Amino acid sequence: MIKIVEVARGYFPTQTWEGIGYIGKLSFEHDFKVVTSRESYGAFLFQKLISKIRRVRDSKKLVSLLLGITADPMVAMYHFFDRTNFKRAFYLVHDYVDEKVGVVSLFQVNKGSSSRLVAHGLGHNRGLRHHVEPIDLMYSELLSSSTLQVDGFCEVCLRKLAKDKTDACNCPQ
């Protein structure tokens, strides 16, 4: 996992990560089992995992907790009405980030894509968003480029990165 995170961090300019540290490995109890073909895996229910990560973040006063990363499946459960009764559907979730916490599941993600998936989540955690005009700059660069240079960011994201850098610096401007 640490190697995947290090490769993912390499997609961004170094100053993006100033003042951010690695918390270490946390163990959470799985919510249920998922069976695929002949394998059985412990899995996390999406909402419960997000709640657990929020509690860790709040209890340890971690203002800049980046991302929870797991190799286990993370599953979202939806209920819907199907003309006659309620039904339940389950979907694998590979990444989710909001303004406070984020989580990435590398379950059934090939090794070559795992660092890009983590980088995508890290980018969202640092305030970068998808851009539809003219093209989703953040995501497309993560897919095709070995290193995301500053040139790959839109003006809004460049200002966000510059603001993060000056906020982390205590020196007189």
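Structure notes:
- Cβ pairs under 9 Å, 6+ apart, first in the stretch 37-54 and surrounded by fewer than 11 Cβ atoms within 10 Å (Cβ to Cβ), second among the basic types (Lys, Arg) and not in a helix (DSSP H, G or I): SER40/LYS33
- Matching residues, the stretch 139-158, being closer than 16 Å to THR14 by Cα and either among the β-branched types (Val, Ile, Thr) or at pLDDT 50 or above (or both): THR147, VAL150, PHE153, CYS157, LEU158
- None of LYS48, LYS52, LYS25 is out of contact with any Phe, Trp or Tyr (no Cβ under 8 Å at 6 or more places or on another chain), part of a helix (DSSP H, G or I) and either modelled with pLDDT of 90 or more or over 30 Å from ARG159 (Cβ atoms) (or both) except LYS48.
The values are calculated or read from the model by the stated rules, or taken from the named source; none is laboratory data. From a predicted model like this one, the values you see are computed outputs, not experimental measurements. Positions of Cβ are generated from backbone atoms using ideal geometry, with glycine treated the same way; all protein chains shown enter the neighbour counts.
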